[in-house]
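Peer 1: Starting off with a structure, shown below.
The values are calculated or read from the model by the stated rules, or taken from the named source; none is laboratory data. A quick note: this is a predicted structure, and the numbers were derived from the prediction, not measured. Here Cβ is always computed from backbone atoms with ideal geometry, including for glycine, and neighbour counts include all displayed protein chains. Protein only, heavy atoms only, side chains kept; ligands, DNA and RNA dropped before computing areas. Shrake-Rupley method; radii C 1.70, N 1.55, O 1.52, S 1.80 Å.
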Amino acid sequence: MTFRLREAEEVRRRLVADVAHELRTPLSIMQLKLENYQQAGQHVPPEMLLRIHDEVIRMSMLVDDLHVLSLAEAGRLSLDRKPLDLTVHLARIVDDLKFEAEENGLEFQLSTISRPLTVMVDARRITQVFFNLLTNAIRYTPHGGKITVEIEDRVIDRDAFYARVSVIDTGIGIPSEHLLHLFDRFYRVDEARSRHTGGTGLGLSIAHLFVRAHGGFIRVASQTDKGTVFTVYLPIGNDQEKVDNPDRIMSFQ
Ligand code: ADP
């Protein structure tokens, strides 16, 4: 009990420190810019207002992300679970992001089974998971690369059935020493690059906790300069159907 209280206090302390750190820099920059204009007695030019507005949007996204993240960490994330056909849903998400990928000179492909694959999930949360993984794939894959989304049905892992979705990119990859911390809040492999590309550093923590709230998990495999694969496992569990064919288990291990 004492240990858990101390752990909860440590999580709270780290969260406050992280938030203060993440908000301090953009806030001081905005403050400085506005003060300079005020002291010079000038109007703020429209392009500067636009830039400040972008920063405000980014900060408010950050605060929203932190809010859901703290709910998920505390196990209090509300899930509105309904049957969802992953095949159709992912086709829609890929379609929504296709333009952005193509603008970045990337080939974007969906490799899917041709029948419905129904999972009991909160569509909004699951959309955010794949949106986060796919926007990362777009962000961290240089011009000329390729992003593939692969959907597989009834994959068996440790005696349970899963729908498996892999987001495969041919991007910059992640050095192995970073893989262990990748799902930590505000963890960035390359601080400068990630900030420049507009990431909040919370995308993977959110994806991980949302998938975990659905009883699933995410795996990652990566090779520097070759690419990264994030694999999302979502249970399609039907307990009676638990594995009784050992050959099948082996073939999926
Ligand atoms: P960010 O908002 O910084 O992208 P994330 O939590 O989504 O934060 O990702 C954490 C870090 O993991 C990123 O800063 C980046 O360094 C690395 N990363 C995530 N996805 C990929 C990917 N597909 N390829 C290479 N690096 C990635």
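Peer 1: Considering only the other residues whose Cβ falls under 10 Å of the Cβ of residue 81, what net charge follows from Lys and Arg at +1 and Asp and Glu at -1?
Peer 2: On the way: positive: 82, 125; negative: 80, 122.
In short, 0.
Peer 1: Specify the inter-centroid distance of the range 72-132 and the range 11-37, based on alpha-carbon positions, in whole Å.
Peer 2: About 32 Å separates the Cα centre of the range 72-132 from the one of the range 11-37.
Peer 1: Among 135-145, 112-122, what's the highest-first ranking by average C-beta atoms within 10 angstrom per residue? Intermediate values should be presented prior to the final figure.
Peer 2: Details: 135-145: 18.0, 112-122: 16.3.
By packing density, highest mean first, the sequence is 135-145, 112-122.
Peer 1: Something else: Students often forget the sequence filter, so: which aspartates and glutamates lie under 16 Å Cα-Cα from residue 33 once same-chain residues fewer than 8 apart are removed?
Peer 2: Leaving aside aspartates and glutamates fewer than 8 places away in the same chain, those within reach of residue 33 are 47, 54, 55.
Peer 1: How large are Rg and Dmax for the range 108-153 when calculated on the C-alpha trace, in angstrom?
Peer 2: 12.6, 36
Peer 1: On the protein heavy atoms, probe 1.4 angstrom, tell me the percent of accessible surface of the range 1-117 carried by carbon and sulfur. Display every interim value, and only then the final one.
Peer 2: On the way: 4740 of 8420 Å².
So the carbon and sulfur contribution to the accessible surface is 56 percent.
Peer 1: Also, I was wondering about something else. Set the Förster radius R0 to 25 Å, insert the Cβ-Cβ distance between residue 42 and residue 20 as r into 1/(1 + (r/R0)^6), and round the FRET efficiency to 0.05. Intermediate results must be reported in sequence, preceding the final value.
Peer 2: Details: r = 31 Å, r/R0 = 1.25.
Calculated value: 0.20.
Peer 1: Still on this structure, I have one more. Cross-link candidates for residue 98: which aspartates and glutamates have Cα within less than 17 Å, leaving aside residues fewer than 8 places away along the same chain?
Peer 2: Within reach: 107, 150, 169.
Peer 1: Just tell me which aspartates and glutamates come within less than 17 Å, Cα to Cα, of residue 82; anything on the same chain fewer than 8 places away is out.
Peer 2: Within the straight-line cut-off, residue 82 pairs with 122.
Peer 1: What accessible area per residue comes out for the range 1-70, rounded to a whole number of Å², with a 1.4 Å probe? Let's see the in-between values first.
Peer 2: Values: 5470 Å² over 70 residues.
Here the residues of the range 1-70 average 78 Å² of exposed surface.
Peer 1: Moving on to the next point. Obtain the nm distance between the two label points defined at residue 10 and residue 224 by a simple spin-label model: each point lies 7 Å from its Cα along the Cα-to-C-beta direction.
Peer 2: 3.0
Peer 1: About its Cα centre, what dipole magnitude does the range 82-248 give when the only charges are +1 on Lys and Arg Cβ and -1 on Asp and Glu Cβ, stated in debye to the nearest 20?
Peer 2: Numbers: 20 positive and 23 negative charges, 73 e Å.
Here the range 82-248 has a charge dipole of around 360 debye.
Peer 1: Only helices at least 27 Å long along their own axis, judged from Cα atoms, and with Kyte-Doolittle mean hydropathy of -0.5 or greater: name those in the chain from DSSP H.
Peer 2: Working: long enough: 2-39 (53 Å, -0.64); 46-73 (40 Å, 0.44).
Span-like helices in the chain: 46-73.
Peer 1: Zone of residue 187 (label point 7 Å along Cα→Cβ, backbone N under 14 Å): which residues in the range 206-224?
Peer 2: Answer for the range 206-224: 206-209, 218-222.
Peer 1: Here's something else I'd like to know. Pull up the DSSP beta bridges for the chain and report the antiparallel fraction as a percent, rounded to 5. Let's see the in-between values first.
Peer 2: On the way: 28 of 33 bridges.
Just about 85 percent of them are antiparallel.
Peer 1: How much mean residue ellipticity at 222 nm does the chain get from its helices, if each DSSP H run of length 4 or more adds -39500 (n - 2.57) and you divide by all residues, to the nearest 500 deg cm²/dmol? It would help to have the intermediate numbers written out before the result.
Peer 2: Values: 8 runs with 129 residues, N = 253.
Computed mean residue ellipticity for the chain: -17000 deg cm²/dmol.
Peer 1: Would you list the P(r) distribution for the chain, with all Cα-Cα distances sorted into 5 Å bins from 0 and each bin expressed as a whole %?
Peer 2: Distribution as computed: 1, 5, 11, 14, 16, 16, 13, 10, 6, 4, 2, 1, 1, 0, 0, 0 percent.
Peer 1: I'm a student and want to see the number: the projected area of the Cα convex hull of the range 75-171, averaged over all directions, in nm².
Peer 2: Numbers: hull surface 28.0 nm².
Seen from a random direction, the Cα hull of the range 75-171 projects 7.0 nm² on average.
Peer 1: Let me ask something additional. Which one, 52, 62, 21, is farthest towards the positive end of the dipole of the range 2-73 when Lys and Arg carry +1 and Asp and Glu -1 on their Cβ?
Peer 2: 21
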